[in-house]
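Everything below concerns the one structure shown next.
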Amino acid sequence: MSTRGMKSEIKRKSLHLAGLTVPMSYYLFGRELTLTFIALAFFTFVILEPFRIIEDLRDRIKRRLRIYVDEEVIERMEAIEKTITEITREHERYRVAAHIYFAAASFTVVYFFPREIAVGAISVATVGDALAAIVGKSLGRHRFSNGKSLEGSLAYFLSGLAILWPLVGLPLAITGSLAGTLAEFYNLPPDDNFSNQISVALAVYLVGALF
């Protein structure tokens, strides 16, 4: 992977790690405030999404803004727009972005599952996905047909194990980490930023309920 591509991936995953604010909020402020926080973020993302996808709409808004604001404000907006473009993957340019799926999954997990499972699932999906991408792209040597690497999948599994073990115990940690690793590996629909969290939470909850 090129140095430029690696820098973009690190920027993307650094932003992705902002998802850890959800489990932090859960511990600090409780379930209800966390659900409110996620819901507000989700609706904000949905409202702003057309401006990200439709270039002509962005240009029209900027032309109108130039009448009312300083050029410096427009330049800052364009700098943010450039950064977003750099970290957005090609397949996301004209479809729903990852942060919307992530917010939807976080709300679902926090609403339906116990705190330890919700915190664990969101943390695993956040950290595991970031490490799988960075380790896989920088150190991955054993590639599968879908482009994923053994090294990246192992990074996801081990980070998931480390996160879940203190929360739910070793057997359920292995179960959840494996479920998340498979969801990330196969890019389960509708998007792995949704399916990762749901897969981890469901696997830990169902196996825990059975045994």
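Extent of region 82-211 along its three principal axes (Cα atoms, max minus min coordinate, largest first): 46, 33, 22 Å. Computed from backbone phi with θ = phi - 60° and the Karplus coefficients 6.51, -1.76 and 1.60, the 3J(HN,Hα) list for region 34-45 is 5, 4, 5, 4, 5, 4, 4, 4, 4, 5, 5, 4 Hz; x is used for glycine and proline. Size descriptors for region 141-201 (Cα atoms only): Rg and Dmax, in that order, 11.6, 34 Å.
Every read-out reported here was derived from the displayed coordinates using simple, explicitly stated rules and does not represent laboratory data. On a predicted model such as this, the values are computed, not experimentally measured, just so you know.
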